[in-house]
1. Express in nm, to one decimal, how much length is gained between Q74 and S108 on full extension, taking 0.36 nm for each residue of separation and deducting their alpha carbon distance.
2. Using Cα-Cα distances under 8 Å and only pairs 6 or more residues apart, what relative contact order does region 171-242 have, in percent?
3. Tell me, what is the Rg over Rh of region 112-243, with Rh the Kirkwood radius over Cα pairs?
4. To the nearest 10 degrees, how steeply does helix 142-155 sit against the main Cα axis of the chain, on a 0 to 90 scale?
5. Give the cross-link partners of K195 among the lysines, using a straight C-alpha distance below 20 Å as the criterion and excluding same-chain residues fewer than 8 apart.
6. Describe numerically, in nm with one decimal, the distance between label points set 7 Å from Cα along Cα→Cβ at M237 and at A24.
7. How high is the relative contact order of the chain, in percent, counting Cα pairs under 8 Å that sit 6 or more residues apart?
8. Filter the trypsin sites (Lys or Arg not before Pro) in region 22-94 to those in DSSP coil with at most 13 other Cβ atoms within 10 Å of their Cβ, and list the result.
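Values in this text are rule-based calculations from the coordinates and carry no lab data. Note that the structure is a prediction, hence the values are computed from the model and not measured. Backbone-built Cβ (ideal geometry, glycine too); neighbour counts: all protein chains shown.
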Amino acid sequence: MKQRIGYIGLGLMGKPIAHNIMKAGFPLTVHNRSRAPVEELVAEGAELADSPRAVAEASDVVFTNLPDSPDVEQVVLGPNGVIEGCRPGMVFIDNSTIKPETARSIASKLAEVEVSALDAPVSGGDVGAKAGTLAIMVGGPRDTFDSILPIFQAMGKTITYVGESGAGQVAKACNQIMVAAQMVAMGELLLLAQKSGVDPRRVIDAIQGGAAQCWALDVKPQRLFAGERQPGFKAYMQHKDLG
């Protein structure tokens, strides 16, 4: 029988990740502050929980995907939080991008109630979340990582055990440095091409096959050229990640 999964935080990344977990056949219980994404997943077969504690009570593995360190601390350790609904032997996994020291602190507190924790931030944007092709970088006990691997495989393609608790968050910080550099460079080169009277589309075609090839050039320009302005990630979150 497959493990029962709980997912808390159904934003740009969380909702498609939760959808893919359920699509892979895992029973799913969800919780989110706003109701619209919850209702979408419930319509697809998920169960609704009215608090993080209730999610934990209904699950064997609980995921969170939240904006920042204080949010994860509140949802996990606060009143009516995940920790209040946990049982020994459960697993907690955080897909958020937070401070490594926060990940370690939460893992330490959960260990006191015999719950194993993994920090498992993701990369690949909303496109990767929807397609199930995310990169997942994981910190925490290796045996817990091994036991959870089938769930990660429902979410992503590049799944890497980085090291002990907090190591996944360190890897994500490194990832964000590279992504930020790519995005700034992409904006500058598109502007340079346009101001120089050269078709930016042809410039992208010309440089994608060379040393400039990167994720930002593979994914972003075509969306911009098509007039798509719906963000796959938000600037204030990138600023937070780099802080």
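1. On the way: separation 34, 0.36 × 34 = 12.24 nm, distance 1.53 nm.
Gain on extension, Q74 to S108, equals 10.7 nm.
2. Relative contact order of region 171-242: 41 percent.
3. Over the Cα atoms of region 112-243, Rg/Rh equals 1.06.
4. 60 degrees
5. K220
6. Output for this residue pair reads 2.0 nm.
7. On the way: 432 pairs, mean separation 36.1, N = 243.
With pairs under 8 Å counted, the relative contact order is 15 percent.
8. Details: sites: K23, R33, R35, R53; in loops: R33.
Taking region 22-94 and a limit of 13 other Cβ atoms within 10 Å, the loop trypsin sites (Lys or Arg not before Pro) found are R33.
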